[in-house]
Amino acid sequence: MNSPGRVIVVGGGLAGITAALDCAAAGHAVTLLESRGRLGGQAYSFERDGLVADNGQHVFLRCCTEYRAFVERIGARELVTLQDRLDITVIGRAGGRARRGRLNRTGLPSPLHLAGALVRYPFLSWRERLSAAVAMAALARVDVDDPANDARTFGAWLGAHGQSAGAVEAVWDLITRPTVNLGVSDASLAQAAYVFQEGLLSSASAGDLGHARVPLSQIHDVAAGAALRRAGVDVRVRAGVTAIEPGASGLGFRVRLGGTAPEALAADGVVLAVGPERMARLLPDDAGVAPESLRALGASPIVNVHLVYDRPVLDVEFAAGVGNPVQWVFDRTDSAGVEHGQYLVVTLSAAEEELAMSNEAVLERYQSALAALLPVGERGAQVLRSFVTRDHAATFRAAPGQRALRPAPVTALPGLALAGAHTDTGWPATMEGAVRSGQAAARVMVEWLDRAAPASDPSALPERAVA
């Protein structure tokens, strides 16, 4: 490696944290700038009326190897848990009565590991179970890199493979909606197929499910921040970037910060690790990435309904709903430190309908929906506290044709790399995708800095200059 370069990472989400750690590990001097007062990006927690809540129920799978390695790297392994074997409780109605099913795996190799669960699954008829197994085998053969498959909806493909509306709700949408953040009728076939191939079919253990045992910010802010500082990264929060300006010679950058005392920082390289809308605003003109392409990625919302009951009503850590507005419900009692009663969170992906509703209407709908699934009434449970959180742009919209709009980590400007879950990792907008994007951007940056000794702009940019 040549002499250490000065790298600025813009954005303190998982992508930016990963890029900063990797660049620092390669021996470069790294500054991380985050506009908010915390790290963690879209995976964070907050306090409301003494209750520590996550902004959404972020889970990961055993196949999320890079996110799991990230958790280890920042010293947070004990703060997460991972199932020994995939086991999802599904609650709904079948045959006119309340039923409970399980989507769990055996120790058999893939794809036989799911055969027993499918045979016993109460929300499908025998014909639907057989048809679902045949469709699953066909889905394993879909080429996720074929643009024709990205241009087609998953729903159209399922229809062509004989999947009934009941099977779509009870199996396909149950998995697609929380992972892609779109229903099957809106999601790209290639993106949905990628999820099933990686998460259920690549190996028997790939889909084992993990989640945080503590509020997310303890992992992605506190533990990650400590790891960054141990690595020698200069972490600056509440440091909003207003512009990234290439040097006059095409080498080096000025990164301008706003605030009451605006300043400009000099860098040999910049990793831009922010969401697509902000990336479109900050990209220099000669980066070779069209801002309109980034904006065309769109957004898909997530709404969470937070309910604290005066007594337990859910006897598992999490469950999925079928034949009910509830998509997924999580017990966050222990992680939030609730000592009395039970704290449940209903997570609603692709929640355009709920986004348009008032908080009062959302709470009324989902209190009633939970009462239809769980023994709320028979136990005489009362809601002590309730509120709704909304993320209008939780993820990019993984609709048909969007793969072509996702930018690569490398740009036309030497020393400028892009990261974020919306960049072209192949993964949907997940924690795994964010970490992988940070790794890819860091590789681009380190390779570039190693090829060319860091050279400042001929105008001799100072280390820090007042704008």
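For the stretch 329-348, the candidate set comprises residues that are among the hydrophobic types (A, V, I, L, M, F, W, C) and closer than 15 Å to Asp391 by Cβ; within that set, the residue that is surrounded by the fewest Cβ atoms within 10 Å (Cβ to Cβ) is Val345. The one condition from (1) touching a Leu at 6+ places or on another chain (Cβ under 7 Å); (2) under 30 Å from Ser202 (Cβ atoms) that Cys64 does not meet is (1).
Among all positions in the stretch 241-261, there is at least one residue which is surrounded by fewer than 22 Cβ atoms within 10 Å (Cβ to Cβ), under 27 Å from the mean Cα position of the chain (by Cα), closer than 16 Å to Val7 by Cβ and assigned by TED's automatic domain parsing to the domain that holds Trp448. Starting from the stretch 148-162, take each residue that is outside the structural domain of Asp173 (by TED's automatic domain parsing) and closer than 16 Å to Pro400 by Cα and list its partners that are at pLDDT 95 or above and buried (at least 18 other Cβ atoms within 10 Å of the Cβ), counting only C-beta distances under 6 angstrom and pairs at least six apart or across chains. Close Cβ pairs satisfying both conditions: none exist. Candidates in the stretch 22-54 are the residues that are among the polar types (S, T, N, Q) and in a strand (DSSP E or B); of these, the one that is nearest to the chain's Cα centre (by Cα) is Ser45.
When restricted to residues that are in a loop (DSSP other than H, G, I, E, B) and within 24 Å of Glu447 (Cα to Cα), the stretch 234-274 contains 9. Only a single criterion out of (1) in contact (Cβ under 8 Å) with a residue 24 or more places away in the chain; (2) closer than 21 Å to Ala319 by Cβ; (3) in the same structural domain as Ala133 (by TED's automatic domain parsing) is not satisfied by Thr176, namely (1). Considering each residue of the stretch 382-400 in turn, none proves to be buried (at least 16 other Cβ atoms within 10 Å of the Cβ), within 30 Å of Asp450 (Cα to Cα), hydrophobic (A, V, I, L, M, F, W, C) and not assigned by TED's automatic domain parsing to the domain that holds Val195. Pairs linking a residue in the stretch 373-393 that is in contact (Cβ under 8 Å) with a residue 40 or more places away in the chain to a residue that is aromatic (Phe, Trp, Tyr), with Cβ atoms under 8 Å and 6 or more positions apart or on different chains, are Val376/Tyr309; Ala381/Tyr309; Gln382/Tyr309; Val383/Tyr309; Leu384/Tyr309. Return yes or no: is Asp450 without any contact (Cβ under 8 Å) to a residue 60 or more places away in the chain and surrounded by fewer than 17 Cβ atoms within 10 Å (Cβ to Cβ)? So Asp450 fails the test.
Okay, residues lined up against (1) surrounded by 24 or more Cβ atoms within 10 Å (Cβ to Cβ); (2) within 20 Å of Val383 (Cα to Cα):
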{"residue": "Val271", "(1), (2)": "yes, no"}
{"residue": "Met279", "(1), (2)": "yes, no"}
{"residue": "Ala287", "(1), (2)": "no, no"}
{"residue": "Ala296", "(1), (2)": "no, no"}
{"residue": "Asp310", "(1), (2)": "no, yes"}
{"residue": "Asp315", "(1), (2)": "no, yes"}
{"residue": "Phe318", "(1), (2)": "no, yes"}
{"residue": "Pro325", "(1), (2)": "no, yes"}
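Tell me, yes or no, whether the stretch 275-292 has at least one residue that is under 24 Å from Leu21 (Cα atoms) and outside any helix (DSSP H, G or I). Checking the stretch 275-292: at least one residue is under 24 Å from Leu21 (Cα atoms) and outside any helix (DSSP H, G or I).
Does Asp310 count as assigned by TED's automatic domain parsing to the domain that holds Tyr366 and of a type in the set (D, E, K, R)? Yes: the conditions hold for Asp310. Please verify whether the stretch 206-225 includes one or more residues that are acidic (Asp, Glu), buried (at least 17 other Cβ atoms within 10 Å of the Cβ) and on the phi < 0 side of the Ramachandran plot. Yes - at least one qualifying residue is present in the stretch 206-225. The single condition from (1) in contact (Cβ under 8 Å) with a residue 24 or more places away in the chain; (2) farther than 30 Å from Gly5 by Cα; (3) surrounded by fewer than 16 Cβ atoms within 10 Å (Cβ to Cβ) that Ala351 fails is (3). Contact map, the stretch 9-21: residues that are part of a strand (DSSP E or B) paired with residues that are surrounded by 24 or more Cβ atoms within 10 Å (Cβ to Cβ) and at pLDDT below 95, Cβ distance under 9 Å, separation 6+ or inter-chain. No pairs are found.
Of all residues in the stretch 105-124, which are among the small types (Gly, Ala, Ser) and in contact (Cβ under 8 Å) with a residue 24 or more places away in the chain? Answer for the stretch 105-124, where residues must be among the small types (Gly, Ala, Ser) and in contact (Cβ under 8 Å) with a residue 24 or more places away in the chain: Gly107, Ser110. Among the numbered conditions (1) assigned to a helix (DSSP H, G or I); (2) of a type in the set (Gly, Ala, Ser); (3) crowded, with 20+ Cβ neighbours inside 10 Å, the only one that Gly166 does not meet is (3).
The values are calculated or read from the model by the stated rules, or taken from the named source; none is laboratory data. Every value quoted in this text rests on a predicted model; they were computed, and no experiment measured them. Using ideal geometry, Cβ is built from the backbone for each residue, glycine included, and neighbour counts are taken over all protein chains shown.
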